[in-house]
Amino acid sequence: VVIPFKWKIVNEFHNGLANVQDDNENWGYIDKTGKLAIPCQWKRTYWFYEGLASVEGNNENWGYIDKTGKLVVPYQWKEAFNFHEGLAQVMNADGRWGFIDKSGRLVIPYQWKKVLWFSEGLAGVQDDNEKWGFIDKTGKVVLPFEWSNVQWFKNGRVRVQTVLGGAWHDIDGEGACV
C-alpha cells in the first residue's frame, strides 16, 4: 500500500485502519487504500483493537469510537488504552487505573498505580509500593506483588525483574521460575 504524502504522521494499520495526523495536528483514520475513513477530529488517538479505538476529545478526556467513527463509550477518562481480551485499562481523574468492558462499565475498580493490558487472562498491576503483581479478569490478585518490573504473558510465561535494572527471569502462571 502506498500512502500519499498528505499526512504529518501515519501510524501502522490495526484492524484495517491506521491513525493519521493532519497539518492541524488533529487525528483520524485511513483505510488500506489510503482513503480517509474517519475524519481527523481528535487531539490524540490509539489503534483499533477488538473493533474499538480510544480517542481524546477536546475536553481532554478519553472515550472509545467504533470503526465508523461513532463515539460508543463517552469521553470520561484522563487516559484510556486499547482493548485486549475484552477489557481496557482506563485512568480516572485521581490518576488511578482500573479496567472497563466494551460498554464502558468499570469491571475492575480504580486502585492501581500502573497497569498493563490483559494477556492470557492476566494483567500486570503496580501497587502503591511500586511492586508489580498480576490480577485475573475479576480483579483477584493471582500472583503477589514482588517484582520491580513485568511484561505480558505469552505461551504461559512472563518475564519479570526482581530488582529494577537487574536480570529478567521467566515465571509461569503459578509464579515458579521456568
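The values are calculated or read from the model by the stated rules, or taken from the named source; none is laboratory data. Treat the numbers as computed from the prediction; the structure is a model and nothing was measured. When the accessible area is computed, the model is the full protein with side chains, heavy atoms only, and any ligands, DNA or RNA have been set aside. Shrake-Rupley method; radii C 1.70, N 1.55, O 1.52, S 1.80 Å.
Taking a ≥ b ≥ c as the square roots of the eigenvalues of the Cα gyration tensor of segment 67-136, is the shape rounded (a/c under 1.5), prolate (a/b larger than b/c) or oblate?
Since a/c reaches 1.5 but b/c is at least a/b, the shape of segment 67-136 is classed as oblate.
What is the percent carbon and sulfur in the accessible area of segment 33-141, measuring with a 1.4 Å probe over the protein chains and ignoring ligands?
C and S atoms contribute 51 percent here.
Over the chain, give the accessible area per residue in Å² for a 1.4 Å probe, as an integer.
On a per-residue basis, the chain sits at 52 Å².
Expressed as a rounded percentage, what relative contact order does segment 19-108 have, with Cα pairs under 8 Å and six or more residues apart?
16 percent
For Cα extents along the principal axes in Å, one of [x] 59, 42, 24; [y] 94, 32, 25; [z] 50, 33, 25 was computed from the structure I shared and the rest are decoys. Which label?
Working out Cα extents along the principal axes in Å from the coordinates points to [z].
At a threshold of 8 angstrom on Cα-Cα distance, excluding pairs fewer than six apart, so keeping six or more, what relative contact order does the chain reach in percent?
Contact order relative to length: 9 percent.
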